[in-house]
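The values are calculated or read from the model by the stated rules, or taken from the named source; none is laboratory data. Model, not experiment: these values are computed from the prediction. Heads up, the Cβs are rebuilt from the backbone with ideal geometry, glycines too, and the neighbour counts pull from every protein chain shown.
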Amino acid sequence: MPDATFHLTLFGAIALHAPSGKDITPRLRKSRALLAYLAMNGGRRIERCALEQLLWPDRAPRQARDSLKQALSDIRRAFGATAPGPLRTKGGAVHLALAHLAVDALRDPPAGAPQFLEGFDAGAQAFAAWIEQQRRALGDACPGKGTLRQIDTAWRNTPRQFTIEVAAPSTDSSAAGGRDHAAISGLIVMVQDGLRRGLDQTGFFAPLTPNTAACRTAPPDLRLTAHAFAAGPDIMLSLAATRLDQGTPVWSWLETMSLPIRDASGIYMLIAQAIEQLCDAVWQANRKSPFAPCKAPALAALNAIRLISRLTPENIAAAEVALNDAMDGTAVPSLYAWRAYLTAYQLEKRCGAQLDDLRDTALHYSAHAIELDSHNPLTRALVAHVYGFVLKDRDRAQELLSPVRGLVGQNAMLADTVSLAHFYAGRYDEAGAHAQLAGKLGRWNPMQYAFTTVQSASQLMLGQYDAAIRSGKRALAQHPPGIGFQYEPTLRTLAAAYSLSGRKVEGRAALDVLERQTGTDTHEMMKDLPDTLFPNPDVFRKVRDGIQGLRL
């Protein structure tokens with residue numbers, strides 16, 4: 001029986017051969033890049049928005065959409081009359097069915113094989129970064145380091161979160177000079193339990209209780225300890241995380257607290273901030289040398305959130321790739337919720353995909369996240385944001401938030417979603433207060449600038465223009481350094497606040513930055529924004545009036 005399999009070569013120059021042996025490599029460079037990317041994703045469905053931003057980030061949405069269609073047609077022509085062909089585009093997303101497509105880079109690399117996509121340049125920065133990522137991964141799979149198949153088996157059979165033992169609390173016997181030790185121990189137990197719950201909700205960590213069967217069977221990656229000791233009239237609370245395989249410290253924190261504690265909100269805020277810091281510390285410590293390949297999904301998810309916060313179309317597209325990698329083969333609810341949440345940023349960028357396709361994607365991942373775990377406050381917060389902003393279903397958003405509103409002081413993303421719910425409903429005092437709470441809870445959250453922007457916009461709507469300007473400028477200072485890109489809602493809010501306060505020169509300067517960044521005329525663009533970026537029509541009119549005032 002003749003070979004009915006297509007053969008795709010990615011080591012060296014890209015080449016596609018028909019079952020007959022005929023060279024049928026697509027003629028367009030971007031088509032070849034797209035073919036390679038889809039092949040290395042192992043049959044996983046990729047949204048068109050991500051593909052457009054991966055390969056055509058510098059083109060207008062309609063042009064990028066047309067370019068992707070042309071590349072898909074080029075690939076489809078290459079496969080010929082095969083029915084159904086390996087290229088599948090049903091439902092908007094795109095993938096390659098690998099049943100009849102053999103890809104050399106998905107098998108053991110042959111001895112002396114050339115470099116993956118050697119000398120290939122698609123003319124897109126994000127795609128170049130992806131090539132380097134693939135080369136590193138394939139380099140780890142060379143002879144003597146284990147085959148790709150062995151690595152994949154270990155990956156799929158090993159927990160992909162960081163396991164963390166939350167150790168029993170301890171106190172100094174002389175803590176606070178003989179104060180009530182029961183109160184001190186209760187404080188530490190509260191912190192310990194809060195850390196365990198919060199870490200579990202992130203999706204990046206799997207907390208373990210010491211001396212359990214799970215700890216004895218497979219030693220955890222990290223140990224988290226809490227300790228209290230006297231600091232004059234106060235109590236000093238010490239938290240520390242250590243790598244158990246090396247015994248090296250990963251993160252530590254000291255916090256001074258006064259007894260008696262009459263308001264637990266301060267403890268919850270401390271726990272939220274500690275988790276934010278720990279996530280960042282684990283990412284920084286392991287992004288270049290992770291514990292093991294099987295932990296890559298947790299690192300990919302941590303990386304994705306940082307990529308989202310960096311705002312550029314390339315980073316948004318890369319965040320989608322990272323989240324898809326993190327979700328591959330795992331069912332952590334918060335990861336699906338983060339993937340749904342990403343669509344809000346894709347909508348902000350209007351990434352070239354049709355809005356209906358983007359909303360279908362948001363609905364798919366939101367429903368899957370809630371189906372997996374409807375009790376996780378972080379999952380509910382992220383999905384409620386998607387329903388409120390992307391899907392414009394305010395009733396469903398309120399329904400999702402209702403059971404967890406009592407936890408709003410414990411989670412920055414929940415506080416942010418509640419602030420937006422108030423903002424959409426025109427309750428600007430409540431919106432500003434919850435945005436301020438989100439900023440305090442998320443002091444180390446990479447998206448803190450978004451929380452502060454909601455505070456600025458709320459002040460704008462209340463006519464507090466000077467306060468809105470101060471908050472807007474603080475939001476700009478909270479942007480990740482070195483990205484050369486600024487959050488567009490911050491710039492729009494600032495421009496309107498400057499205008500309405502009579503500071504036209506500064507308002508035009510903010511507007512100039514916005515228009516250089518987007519490459520569009522904001523006055524013209526505002527004509528079709530209400531249905532997408534301004535869920536509250538009153539906010540749209542206020543911002544539009546402020547920006548129009550800069551023309552006079």
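Okay, residues lined up against (1) in contact with a Lys or Arg (Cβ under 6 Å, 6 or more places away or on another chain); (2) within 17 Å of Leu199 (Cα to Cα); (3) outside any helix (DSSP H, G or I); (4) not charged (D, E, K, R):
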position	(1), (2), (3), (4)
His385	no, no, no, yes
Arg405	no, no, no, no
Glu430	no, no, no, no
Ala435	no, no, no, yes
Asn445	no, yes, yes, yes
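Would you pick out the residues in the range 519-536 that are modelled with pLDDT under 60 and hydroxyl-bearing (Ser, Thr, Tyr)?
The answer is Thr532, and nothing else.
Somewhere in the range 242-256, is a residue surrounded by fewer than 18 Cβ atoms within 10 Å (Cβ to Cβ), among the hydroxyl-bearing types (Ser, Thr, Tyr), at pLDDT below 70 and out of contact with any Cys (no Cβ under 9 Å at 6 or more places or on another chain)?
yes
Give Leu72, Leu106, Leu96 a once-over and let me know the one that is at pLDDT 80 or above, surrounded by 14 or more Cβ atoms within 10 Å (Cβ to Cβ) and in contact with a Gly (Cβ under 8 Å, 6 or more places away or on another chain).
Matching residue, one of Leu72, Leu106, Leu96: Leu96.
Looking only at the range 387-403, which residues are outside any helix (DSSP H, G or I) and among the charged types (D, E, K, R)?
Across the range 387-403, the qualifying residues are Lys392, Asp393.
Would you be able to say whether some residue in the range 406-427 is surrounded by fewer than 24 Cβ atoms within 10 Å (Cβ to Cβ), at pLDDT below 85, among the charged types (D, E, K, R) and out of contact with any His (no Cβ under 7 Å at 6 or more places or on another chain)?
No, every residue in the range 406-427 fails to be surrounded by fewer than 24 Cβ atoms within 10 Å (Cβ to Cβ), at pLDDT below 85, among the charged types (D, E, K, R) and out of contact with any His (no Cβ under 7 Å at 6 or more places or on another chain).
Scan the range 360-408 for residues that are closer than 26 Å to Arg48 by Cα and of a type in the set (Asp, Glu) and jot them down.
Asp360, Glu371, Asp393, listed by residue number.
Just need a number here: residues in the range 5-32 that are touching a Leu at 6+ places or on another chain (Cβ under 7 Å) and not in a loop (DSSP other than H, G, I, E, B).
4
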